[in-house]
Amino acid sequence: MTPKTRVGVLISGRGSNMAALIYASQAPDCPYEVVLVASNVPDAPGLKLAAAEGIPVFAHAHQGVKRADFDKIIDAELVRHGVEIVALAGYMRLLSDDFVAKWAGRCLNIHPSLLPKHKGLDVHEAVLAAGETKTGCTVHLVTPSLDDGPILGQVEVAVLPGDTPETLAERVHYAEHQLYPRVLATLVSDANGPEAMLDRVRSLALALPAAAEKLSHGSPGFYVEGGKFFAYFSYDHHHDGVMGLLVKASGIEEQAQLIENDPDLYYRPAYLGPSGWVGIRLDSGDVDWSHIEDWLARSWRASAPKRLAMLPI
Ligand code: GAR
């Protein structure tokens, strides 16, 4: 079974969005799991709930600790639990630039308004004061400025006559609980999907000297100018749903050996198999990219004209 993406949730309070993420993750087809809930408020009610659900929790009061130092403490905990994506869920603390930079593209936040409207605190008061007839909630990627960053999803919520900040907050919470798990699941699936994988393979392959790309029998192929193909990105090529990288092994003996030693990782590609190419699965959920990089370099060297193959890479 494909391992699920490991999510760390940061909270400061009730943690109802955290709960929505946790309960949604119990669906067998949910692509993420919550592996840590951390807080800057040691008595945040959400921590008790998470612990009761068997999720590791961590708390550290932020008072008296410099922002950058505090974020290092949280970061170390995220790393210790193998967190891959950070979900802020009512985490009422500004993050240091270092933290934001480190988790860029992998840290998201939920905010109870239709951003870019009504950033910051006291959002529902501001919505009512502005006489809005609709409000909502937003999930976005975290960037250095508060409640900013690319929007990943929104749900609209009608403002009713007679709404108070409390009644509005309650209804927006319902919407948040629908939105957050859905957006997180999509982000995780896209990050492991063919487009993201091809992008990553492409950036490694084209970083090699004189490497270029062209389609070959419908698959993106990478070749050395003046030389031969050294890699192909293969996705669902034989309607088998398999996503993999094809590279040159030294021959069919090595190919057979690799597959025998690690049949979950390596496979024999249909057409190129007889010529000693080997497939490396990219759909296992936890791709070892330094291993892919090594294979690309090796395959490149075997395909490059002599004058290039001598180059150090
Ligand atoms: C949520 O409404 C969330 O959007 C908001 O805090 C609440 C936390 O509720 N976050 C922000 O305002 C961030 N700028 P919860 O603890 O029950 O999930």
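Just so you know, all these numbers are worked out from the coordinates, no wet-lab data involved. None of these values were measured; they are calculated from a predicted model. Every residue, glycine among them, receives a Cβ derived from its backbone with ideal geometry; neighbour counts consider all protein chains shown.
Taking every Cα-Cα distance in the chain and sorting them into 20 Å bins starting at zero, the pair-distance distribution P(r) comes out as 28, 44, 25, 3 percent. If R0 is taken as 30 Å, the Cβ-Cβ distance between Ala76 and Glu125 corresponds to a FRET efficiency of 0.25. In whole percents, the pair-distance distribution calculated for the range 227-313 from its alpha-carbon pairs, binned every 5 Å from zero, is 3, 15, 24, 26, 18, 9, 4, 1. Counting Lys and Arg as +1 and Asp and Glu as -1 over every other residue whose Cβ lies under 13 Å from the Cβ of Phe58, the net charge comes to -1. Close lysine pairs were tallied over the chain: pairs 8 or more places apart or on different chains with Cα atoms under 13 Å apart number 5. Placing one identical point scatterer on every Cα of the range 98-145 and ignoring solvent, what is log10 I(q)/I(0) from the Debye formula at q = 0.22 Å⁻¹? Calculated log10 I(q)/I(0) at the listed q: -0.75.
Axis of helix 165-191 versus longest Cα principal axis of the chain: the two differ by about 10°, to the nearest ten degrees. In this structure, the amide hydrogen of Trp277, modeled 1.01 Å from its nitrogen in the peptide plane, lies closer than 5 angstrom to those of Ala249, counting only residues at least 5 positions away or on a different chain.
Values of log10 I(q)/I(0) for the range 143-248 across q = 0.10, 0.23 Å⁻¹ run -0.53, -1.19, by the Debye formula with one identical scatterer at each alpha carbon and no solvent. Taking the square roots of five times each eigenvalue of the Cα gyration tensor of the range 5-164, the equivalent ellipsoid has semi-axes of 26, 18, 16 Å, listed largest first. Note on Asp286 and Leu215: with the Förster distance fixed at 35 Å, the Cβ-Cβ geometry gives a FRET efficiency of about 0.80. If R0 is 30 Å, the Cβ-Cβ spacing of Thr186 and Lys66 corresponds to a FRET efficiency of close to 0.25.
When each of Ser234, Ser275, Ser16 is scored by the number of other beta-carbon atoms lying within 10 Å, the sequence from fewest to most is Ser275, Ser16, Ser234. Here the Karplus relation 6.51 cos²θ - 1.76 cosθ + 1.60, evaluated at θ = phi - 60°, turns the backbone of the range 117-134 into coupling constants of 6, 6, 6, x, 9, 6, 5, 5, 4, 5, 4, 5, 4, 7, x, 5, 9, 9 Hz, with x for every Gly and Pro. For Asp147, Asp69, the sequence from fewest to most other C-beta atoms within 10 Å is Asp69, Asp147.
Fewest neighbouring Cβ atoms within 10 Å first, the residues Thr2, Thr186 line up as Thr2, Thr186. Projecting label points 7 angstrom from Cα along Cα→Cβ for Gln26 and Arg202 puts them 4.1 nm apart.
The 3J(HN,Hα) values that the Karplus relation (6.51, -1.76, 1.60; θ = phi - 60°) gives for the range 291-304 are, in residue order, 5, 5, 4, 4, 5, 4, 5, 5, 5, 4, 4, 6, 10, 6 Hz. Gly and Pro appear as x.
Using just its DSSP H runs of length 4 or more, each adding -39500 (n - 2.57), the chain gives a mean residue ellipticity at 222 nm of -11000 deg cm²/dmol after division by all residues. 3J(HN,Hα) along the range 156-163, derived from phi through the Karplus expression 6.51 cos²θ - 1.76 cosθ + 1.60 where θ = phi - 60°, amounts to 8, 10, 6, 8, 9, x, x, 4 Hz, with x in place of Gly and Pro. Less than 5 angstrom separates the built amide H of Met92 from those of Ser12, all sequence-distant by 5 or more or on a different chain.
Averaging 1/r across all pairs of distinct Cα atoms in the range 1-96 and inverting the result yields a Kirkwood radius of 13.4 Å.
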